[in-house]
Structures are given as C-alpha cells and as structure tokens.
Amino acid sequence: MHNEALIDGINRKESAAFAKAYLLLRKEMVFYAGRLFSDSGVEGEDIVQDIFVSIWEKGDLRFADIGELKAYVYASVRNRFKNNARHLVHVERHKAAARLAEHSAVADMAETEVFSILSRSEKLLPAECARVFKLHIEGWSVKEIAEKLNKSENTVYHQRAEALKILRKKLSETDFGAVLIFYLFI
C-alpha cells in the first residue's frame, strides 16, 4: 500500500489502513511514549494504541500525508504526557492535603487528651507549679510566663521541672508519657 492510498484509507476509516499505519509507526511511537512515561508505570504501547483508537473515533479528522499523521501521533503522546504530569501533581497535592488533615486530626486528638489529663492533674500540683505549667502548655515562652507572673525565668524553669517531677510520680505511666511527649513538642 503506497502512502497516498494508506492516508486515503485512514481518512475513510478503513481498518486495513489503520492496521498498516499502526505497524508502520508503532516502534517509533512506542519508543517515544516509553521514554516520556518511563517513570509513571504507564506503558508506551497502551498510549499509542489509545491514540490510534481516538483517531479512529474522530470522524472528521483527516490527514494530508504520513508525515502529518506521524506529527499528530507525536503531539498526542506529548499532550497525554503533559496531562498525566498535571494529574499526578494534582493527586500528590490531594494526598499531601489528606496527610496533613489526618496529621492535624491526630494531633488535635492527642492535644485534647493531654489537656484532659492535665486538667485532672492540676489538682495534683502546688498552685504556682500548676499556673506555670498550664501557661507553658498553652504555648507561653519562659520569658512571657516570667513577665506575666512577675517571677524570674529561673523560677519558671524550676517550677516547670517540679511540675513534671510531681506528675511523673502521680500519673499513670501512659498518661505521663502522653504529657511528656506533648510537652517536648510544644
């Protein structure tokens, strides 16, 4: 089949012409698609087959010669690669947002649990230790606590350490572990 007859057959949607064109362009196009999609798990063969199917399904698509068909397939492979890359970026963004939301929910639950433990344990601490420790858990810095309570920073450090020592003795191992982990990461 000569190129003119081949293109004419493709333009008329003849299956024999499509089969011949596919075999003619297959190796080159599959190699190109395989190079582009090498890290994506998508097979080059599948991409090229899908493009030929889409050409078949587009009733008004016509080509002047084999070079135009080849250029169309090249452009289609490249466009599918770009679309796939955009899709993967979107998927990764979605996964990251989901991980962040999950992490945030777990962190919120842990924080709530620690605040619950601490609210029960404030009764276990001397009043000044409890005030210092509560402000620290709320996110105040040592300097801010010292200024607010009109104490030295050294006193604030000492009262925080004393609160931890008392809580270690009076809380269950699990509850103290939760408080300590929270305390270390705020």
Query - Residue, farthest from Ala163 (Cα to Cα), within region 133-143, restricted to residues that are open to solvent by less than 90 Å² (accessible area, probe 1.4 Å) and assigned to a helix (DSSP H, G or I) - result: Val142
Query raised in the report: From the residues in region 17-46 that are of a type in the set (A, V, I, L, M) and under 18 Å from Leu61 (Cβ atoms), which one is surrounded by the fewest Cβ atoms within 10 Å (Cβ to Cβ)?
Result: Ala19
Query raised in the report: Based on what the data block shows, is Tyr74 touching a residue at least 40 places away in the same chain (Cβ under 8 Å), in a helix (DSSP H, G or I) and surrounded by 13 or more Cβ atoms within 10 Å (Cβ to Cβ)?
Result: yes
Report summary line: Residue hits (region 1-16; open to solvent by 80 Å² or more (accessible area, probe 1.4 Å) and among the basic types (Lys, Arg)) are Arg12
Requested in this report: Return the residue satisfying two criteria in turn: it lies in region 75-105 and is of a type in the set (S, T, N, Q) and under 18 Å from Ser40 (Cα atoms), and of such residues it is modelled with the lowest pLDDT.
Outcome: Asn84
Query - Meets criteria (open to solvent by less than 50 Å² (accessible area, probe 1.4 Å), assigned to a helix (DSSP H, G or I), modelled with pLDDT of 70 or more and out of contact with any strand residue (DSSP E or B) (no Cβ under 8 Å at 6 or more places or on another chain)) for Val114 - result: no
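The values are calculated or read from the model by the stated rules, or taken from the named source; none is laboratory data. Since the model is a prediction, treat every value here as computed from it, not as a measurement. We place every Cβ from the backbone using ideal geometry, glycine too, and count neighbours over all the protein chains shown. Surface accessibility is based on the protein's heavy atoms, side chains included, excluding ligands, DNA and RNA. Shrake-Rupley method; radii C 1.70, N 1.55, O 1.52, S 1.80 Å.
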